[in-house]
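For reference, the structure is listed below as structure tokens.
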Amino acid sequence: MKYLFLGFLMVLITSASYAQHANVMISDRLYPNEPSIFINPANTLEIVAGTNMNNQYFSSDGGLSWTIQTLNSNAYSVAGDPCIIADTAGNFYYFHLSNPATGSWLDRIVCQKSVDGGRLWNDGTGIGLNGSKDQDKEWAVVDPYNNNIYITWTQFDAYGSTNPDCQTNIMFSKSLDAGESFSESKVINTIPGNCIDEDNTVEGAVPAVGPNGEIYVAWSGHEKIYFTSSTDQGETWLEETVIADQNGGWDFAVPGIYRCNGMPITVCDLSNGPNHGRIYVNWSDQRNGPEDTDIWLKYSDDGGLSWSEDIRVNDDGSGKQQFFTWMAIDQTNGNLYFVFYDRRNYEDENTDVYMALSRDGGNQIMNFKVSELPFLPTDNIFFGDYTNISAHDNIVRPIWVRLQDGHRSIYTAIVNTDIITGVEEEHYVPLSMEQNYPNPFSSSTTFSFKINPPQIVSLSVLDMYGRERLRIIDDQLLESRKHIISFQPEDYSLPPGVYYFRLSVDGYSIQQKMIFVQ
């Protein structure tokens, strides 16, 4: 097979070695946006990333330094929407849109392959060519048990058309030969959308693989989150079901951002942990108003037949913007990671990058800031449509766009998981909280938390939409030990419902769900 050497080389090395989560600028060239990143599961020192339109980067030292290249495909061209994955043999795959010289813009999805850690790439394989229809918004996943590749995307009869007869549908294809060829594409939804590329367009399909080879897919449309699955490697699919309302739709406005969306991400726990087989879907929406975008999660333990209630991932108070979420699961331990933009610390449009971690299947979620400096974006520059994150064997690498003074750059962080999990004593995360018992409860419940060393502590109760209802502890200095709290909602005139305890210490927060019943 013919391989092409691509582009020019440049190395960027972090100078932020003393930060808790050292930030590394991957590139500020060629107007990068819509980043994708993936860690080689066979060698976690090898990481590949990509951005619009045809930027490609690789690292052989775990993300401390990067080589910058230009991805080319003589057959299909490279037209953005990068999605990077890797199989268990360490082969990388770079999926993107097409604009071939002998075809038309968006006429197919393209998969290019690298067998050497992202240095050289083949010319690619075309997927989903269907006459004059447009193929867009693809994402792919590898089944680690057999290295099958599954890909889903949106097919437009005509991109951007306002014709009421024009439809969008969710498409599927697979490769059983390591990306050399892909099956004929098929429609996997029964409820189509329009072609305008807005709330009533069906988009955002991200596939996940289950422990027995199941394929799970969720997407947005019509102010809902849809879900479907296949148990025969994508040959047949169940009719989609609505698993969540996406109030306000997936296409919404965030001040300072060119455009924003809340399309879902789907993953499934393949680890040997207690949540083996659990399906997670993560998205954002504006159910609490246009000034209060939030990040949400729900899960299923029965293959998507039933689902948990919506879980709010961001643990701040109400009235702030969190947007452009992505989620990854570390399949070696079941840890669930999120990355998103966050404005909780500001009264203006200054923006941080936050991450969240759950080690217990989404029941307890810790938020922490991962960016070193905020940025102030402007809405006249295209910001892209997503962030991304990859995790394997406690190596975690988020990737995001920084837009400051009209200039875009791409960053990752060398996430120190010792800090998050409290292993490294010098940076010990100074809090832990146990689930309240009993839960659900009818009159009173008890829970405990530990802090070390002595800390200024806040303990709040939030409603199911993340709005603070009351403060149990308000910025009090507590000694280093286990603290036991008995809570009676009637003391605070709190009606029955679903609530969250939120414990905040030294910039870190943990929240736990409680259910108060009559």
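The values are calculated or read from the model by the stated rules, or taken from the named source; none is laboratory data. In this text, all values refer to a predicted model and were calculated from it rather than measured experimentally. Cβ placement follows ideal geometry from the backbone for every residue including glycine, while neighbour counts extend to all protein chains displayed. Remember, those area values only see protein heavy atoms, side chains included, never the ligands or the DNA or RNA. Shrake-Rupley method; radii C 1.70, N 1.55, O 1.52, S 1.80 Å.
Name every residue in segment 472-518 that is of a type in the set (Lys, Arg) and farther than 25 Å from Gly362 by Cβ, in order of residue number. Don't jump to the end; show me each part of the working.
Of segment 472-518, the ones of a type in the set (Lys, Arg) are 481-482, 502, 513.
Answer for segment 472-518, where residues must be of a type in the set (Lys, Arg) and farther than 25 Å from Gly362 by Cβ: just Arg481.
Is there a residue being surrounded by 11 or more Cβ atoms within 10 Å (Cβ to Cβ) and more than 28 Å from Asp292 (Cβ to Cβ) anywhere in segment 472-480?
Yes, the conditions are met somewhere in segment 472-480.
Condition first: under 16 Å from the mean Cα position of the chain (by Cα), more than 19 Å from Phe383 (Cβ to Cβ) and open to solvent by 10 Å² or more (accessible area, probe 1.4 Å). Now tell me which residues in segment 329-358 satisfy that.
Scanning segment 329-358 gives Ile329, Gln331, Asn335.
Do we find a residue being in contact with a helix residue (DSSP H, G or I) (Cβ under 9 Å, 6 or more places away or on another chain) and open to solvent by less than 20 Å² (accessible area, probe 1.4 Å) anywhere in segment 300-313? Before the answer, list the steps.
Narrowing segment 300-313 to residues in contact with a helix residue (DSSP H, G or I) (Cβ under 9 Å, 6 or more places away or on another chain): none.
So far as segment 300-313 goes, no, none of its residues is in contact with a helix residue (DSSP H, G or I) (Cβ under 9 Å, 6 or more places away or on another chain) and open to solvent by less than 20 Å² (accessible area, probe 1.4 Å).
Of (1) hydroxyl-bearing (Ser, Thr, Tyr); (2) within 21 Å of the chain's Cα centre (by Cα); (3) modelled with pLDDT under 95, Tyr226 satisfies all except one. Which?
(3)
Being in contact with a Cys (Cβ under 6 Å, 6 or more places away or on another chain) and modelled with pLDDT of 95 or more narrows it down to one of Gly210, Gly204, Gly249, Gly256, so name that one.
Exactly one of Gly210, Gly204, Gly249, Gly256 is in contact with a Cys (Cβ under 6 Å, 6 or more places away or on another chain) and modelled with pLDDT of 95 or more, namely Gly210.
Let me spell it out: the conditions are (1) open to solvent by less than 40 Å² (accessible area, probe 1.4 Å); (2) in a loop (DSSP other than H, G, I, E, B), and Glu180 meets all of them except one. Which number is the exception?
Looking at each condition in turn, Glu180 falls short on (1).
Condition check ((1) surrounded by 24 or more Cβ atoms within 10 Å (Cβ to Cβ); (2) touching a His at 6+ places or on another chain (Cβ under 8 Å); (3) among the polar types (S, T, N, Q); (4) farther than 30 Å from Thr332 by Cα) across all residues:
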| position | (1), (2), (3), (4) |
| --- | --- |
| Ser104 | no, no, yes, yes |
| Cys111 | yes, no, no, no |
| Gly118 | yes, no, no, no |
| Asn147 | no, no, yes, no |
| Gln155 | yes, no, yes, yes |
| Thr168 | yes, no, yes, yes |
| Ser173 | no, no, yes, no |
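Output the number of residues of segment 285-308 satisfying the condition of being part of a loop (DSSP other than H, G, I, E, B) and over 17 Å from Cys268 (Cα atoms).
Summing the residues that are part of a loop (DSSP other than H, G, I, E, B) and over 17 Å from Cys268 (Cα atoms) in segment 285-308 gives 8.
Restricting to segment 89-102, name every residue that is open to solvent by less than 40 Å² (accessible area, probe 1.4 Å) and either without any contact (Cβ under 8 Å) to a residue 60 or more places away in the chain or not polar (S, T, N, Q) (or both).
Gly90, Phe92, Tyr93, Tyr94, Phe95, His96, Leu97, Ser98, Pro100
Residues in segment 361-382: is at least one touching a residue at least 40 places away in the same chain (Cβ under 8 Å), closer than 23 Å to Leu297 by Cβ and surrounded by fewer than 17 Cβ atoms within 10 Å (Cβ to Cβ)?
Yes, segment 361-382 contains a residue that is touching a residue at least 40 places away in the same chain (Cβ under 8 Å), closer than 23 Å to Leu297 by Cβ and surrounded by fewer than 17 Cβ atoms within 10 Å (Cβ to Cβ).
Out of the residues in segment 235-258 that are polar (S, T, N, Q) and part of a loop (DSSP other than H, G, I, E, B), which is least open to solvent (accessible area, probe 1.4 Å)?
Restricting attention to segment 235-258, the residues satisfying the condition of being polar (S, T, N, Q) are 236, 241, 246-247.
If we keep only those that are part of a loop (DSSP other than H, G, I, E, B) as well, we get 236, 246-247.
Values: Thr236: 81, Gln246: 1, Asn247: 72 Å².
Once the filter is applied, the top-ranked residue is Gln246.
Would you pick out the residues in segment 148-177 that are part of a loop (DSSP other than H, G, I, E, B) and touching a residue at least 24 places away in the same chain (Cβ under 8 Å)? Steps first, answer last, please.
Going through segment 148-177, the residues part of a loop (DSSP other than H, G, I, E, B) turn out to be 148, 157-167, 176-177.
Correct list: Asn148, Asp157, Ala158, Tyr159, Gly160, Ser161, Thr162, Asn163, Pro164, Cys166, Gln167, Leu176.
Among the candidates Ser458, Ser480, Ser486, Ser493, which residue alone is polar (S, T, N, Q) and within 30 Å of Phe375 (Cβ to Cβ)?
Working: Ser480 fails: within 30 Å of Phe375 (Cβ to Cβ); Ser486 fails: within 30 Å of Phe375 (Cβ to Cβ); Ser493 fails: within 30 Å of Phe375 (Cβ to Cβ).
One residue alone meets the criteria, Ser458.
Considering only residues that are in a strand (DSSP E or B) and open to solvent by less than 20 Å² (accessible area, probe 1.4 Å), look in segment 481-501 and name the one that is farthest from Ile419 (Cα to Cα).
Phe487
Could you check segment 61-84 and list, in sequence order, the residues that are within 21 Å of the chain's Cα centre (by Cα) and open to solvent by 10 Å² or more (accessible area, probe 1.4 Å)?
Asp81
Quick check on this structure: which one of Val115, Val141 is in contact with a Pro (Cβ under 6 Å, 6 or more places away or on another chain) and closer than 13 Å to Gly179 by Cα?
Numbers: Val115 fails: in contact with a Pro (Cβ under 6 Å, 6 or more places away or on another chain).
When all the criteria are applied, what remains is Val141.
Going by what's in this entry, would Asp123 be described as open to solvent by 10 Å² or more (accessible area, probe 1.4 Å) and either β-branched (Val, Ile, Thr) or out of contact with any Asp or Glu (no Cβ under 7 Å at 6 or more places or on another chain) (or both)?
Yes: the conditions hold for Asp123.
Applying the selection to segment 398-418, what residues are aliphatic (A, V, I, L, M) and closer than 16 Å to Gly63 by Cβ?
Ile399, Ile410, Ala413, Ile414, Val415, listed by residue number.
Could you figure out which of (1) in a loop (DSSP other than H, G, I, E, B); (2) touching a residue at least 60 places away in the same chain (Cβ under 8 Å) isn't true of Ser220?
Here Ser220 meets the rest and fails (1).
Before we move on, is Val202 surrounded by 24 or more Cβ atoms within 10 Å (Cβ to Cβ), in contact (Cβ under 8 Å) with a residue 60 or more places away in the chain and either farther than 30 Å from Thr332 by Cβ or hydrophobic (A, V, I, L, M, F, W, C) (or both)?
no
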